[in-house]
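The next block holds one structure in the form of structure tokens; read it before the comments.
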Amino acid sequence: MWFGKLMVLGAVLAASLASKKPNIIVIVADDMGFNDVGFHGSDEIPTPNIDALAYNGVILNSHYTQALCTPSRSAFLTGKYPIHLGMQHLVILEPEPWGLPLNETLLPQHLKRNGYTTHAIGKWHLGFFRKEYTPTYRGFDSHFGYWQGLQDYYQHTVHATYTSEYGYDMRRNMTVDWSAKGKYSTTLFTEEAVRLIREHNVDDPMFMYLAHLAPHTGNSEDPLQAPDEEIAKFAHIADPERRIYAAMVSMLDKSVGSVITALRDKHMLENSIILFMSDNGAQTVGVHANTGSNYPFRGMKNSPWEGAVRGVSAVWSPLIKKPQRVSNALMHISDWLPTFYSAAGLNKTELPKMDGVDMWQSISEGVDSPRTELLYNIDDVYDYGALRQGNWKYLYGSVSKGKADAWYGSSGKKKEYFYDDKSVLSSQAASALAGVITYEQIKEKNEKGISDNFTRKLLDPEIIKSLRGSAKIDCPPIDFDNVHESKICNPVESPCLFDLKADPCERINLAAERPMIVMNMERALTRYKQTALPIRNVPRDPNADPAKWNNTWTNWQDCEDVIKRKIFHNTLSPLAIGLISAACVAFVVVIVVLVTLSVKTSALKKKAGKSFFDEPMDQCTAKMAPKAQIFEDRELQARDSIRNAFRTVE
């Protein structure tokens, strides 16, 4: 009898879960290379939790992002190409006053309208010069993290990339969080994610956007940072910078395990979608170099090459009907907004026109991708662009005048390296996912009366070996000395064309052989150009300098507005107007007195009246700009002069 009741209860619970909107958990790695995870074939850096997530779900082997942080995040949250947002050129540099357009409705706003609780953790990098551009004004119920594009992993300070500004950047919603100082960023963000999961009201679906700093560099004076005990685990890596990078990736991997375990403990994992992806390829060398590897792809971050935009991505959910496979379906980061909508059973007619397409059936059931064309980017400032149609890729121009157009990064294959599938099977993520799969097998056993050959299988070494082999990209060696000059690509001189199915490493330029394809793709790019918005980038604002705002990066233009309003108010205060009117009545006498007082002007200038602005403004946590005090002193001096004039008359 008790078994029958248990079965009924299980059926009710299953029906309840099926009717509820799924939790959506997005974990973003920053500047992580394609070859910096184990499931793509590298033996160098163990990523057991990320690998377990990938093997149990769907490895997205043709997942494309933008080439830089700000454009990628813009595309993800809006479902639009950056050219349709004005976000196609570079990133938001630290003291620049611009951001993701406010007329865009973001993914968390759409989900919030459908009953989701929304949380952002970690990196923002979409504007903060005014509060309206910050996360809690863009659809997130909470944000713990930083507004800029990078920070020191322990001090949480940000040194501007090309200028001298330097200040603290860690926020809990709109408030500066000084308590975070001295604590490792990856750990802080993981703890926040776990806390939010534990405290979550499971009656509401959750959307969590966990955008890690790792493995992006910190400030240029100390770019690579990880706990010593983690670094010590990677003594097999000879390059000391790459060794620290491996430790940074390892801390990120642990974070993935902790989040998945927390979801399992809260019984949220059974109805969740978990996406792990990098925002773009690694910056192997150059500015903000982290030694990450995009092997075997060509190029690196901030370029039109595959190494910049074809990134790490895997998704898991019990809603996926055909898991444990590798998908080569073409997909762009802008596709996630409509894809999540479809997976959650939401009404897609609510969504505005966008570039993203619904990929859920392709992910869940393995059907052909509805996406056949993909715009990499068009940047008229750097004069480069790239487009993919089917297997053909066309590109022209170079961001770095050829300096980032080679092949970079570690292959991850050395005799002293090995892949430990046992660590994958015993990882936190694997254990939690195995628990969910086991209960799904029990359900299938009771419903279908089967004892084996379940739809969902527990991960084992054979499945790992098969999937890992399928996810690995191989490019046979080429003797460039014997390749005809017309097939060597130099996009600065002329456009290039590649067949990515046969040549994913972009080595043989076929533009001269296939002129009609080149012509058709150039026409398509011209059509895209006609729809592009002007870039939103603006020069740095000197008033952004944290030195003016209690050494913190803040929404400085809000502060400036408050200052201006207060100055204007004080200048035209009723008292001042009254005194000036009275002074006009006694004009002659006042003039005589003011002439007498003019001798004392220099002394008066040295006397500072009590500031009306001693307390920092709530939203700025900052010092008042110096010019505010100057205006205030002049106001006080004028009042004192007029009062003294009236006393003399009396």
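Packing-wise, with mean Cβ within 10 Å as the measure, how do 33-41, 76-84 rank, highest first?
Going from most to least packed, we get 33-41, 76-84.
At a 1.4 Å probe radius, carbon and sulfur cover how many percent of the accessible area of region 271-369?
49 percent
Write down the accessible area per residue of region 431-539 in Å², having rolled a 1.4 Å probe over the full set of protein chains.
Here the per-residue accessible area is 63 Å².
If packing is taken as the average number of other Cβ atoms within 10 Å across a peptide's residues, how do 446-453, 528-535 rank, most packed first?
Values: 446-453: 9.5, 528-535: 13.4.
Listed from highest to lowest mean packing, they are 528-535, 446-453.
What nm distance separates the two modelled labels at residue 199 and residue 373, each placed 7 Å from Cα along Cα→Cβ?
A separation of 4.8 nm, rounded to one decimal place.
Kindly rank 245-258, 112-125 from highest to lowest mean number of other beta carbons found within 10 Å of each residue.
On the way: 245-258: 25.4, 112-125: 21.6.
My ranking of the peptides, most packed first, is 245-258, 112-125.
Which FRET efficiency value, to the nearest 0.05, do you get for residue 132 and residue 541 by plugging their Cβ-Cβ distance into 1/(1 + (r/R0)^6) with R0 = 22 Å? Could you put the intermediate results ahead of the total?
Numbers: r = 16 Å, r/R0 = 0.74.
My answer for the efficiency is 0.85.
What is the distance, in nm, between label points placed 7 Å from the Cα along the Cα-to-Cβ direction at residue 342 and at residue 328?
Between residue 342 and residue 328, the simple spin-label model gives 2.1 nm.
Computed FRET efficiency, Cβ-Cβ of residue 474 and residue 350, R0 41 Å: what is it to the nearest 0.05?
The pair residue 474/residue 350 has a calculated efficiency of 0.45.
Using 0.36 nm per residue of separation minus the Cα-Cα distance, give me the extension gain between residue 380 and residue 183 in nm, one decimal.
66.8 nm
With a point put 7 Å past each Cα toward its Cβ, work out how far residue 365 is from residue 175 in nm, to one decimal.
4.9 nm
The values are calculated or read from the model by the stated rules, or taken from the named source; none is laboratory data. Small disclaimer: the values here were computed from a predicted structure and weren't measured. Note that each Cβ is placed from the backbone with ideal geometry, even for glycine, and that neighbours are counted across all protein chains shown. Each accessible area value is taken on the protein alone, full model and side chains, heavy atoms only, with ligands, DNA and RNA left out. Shrake-Rupley method; radii C 1.70, N 1.55, O 1.52, S 1.80 Å.
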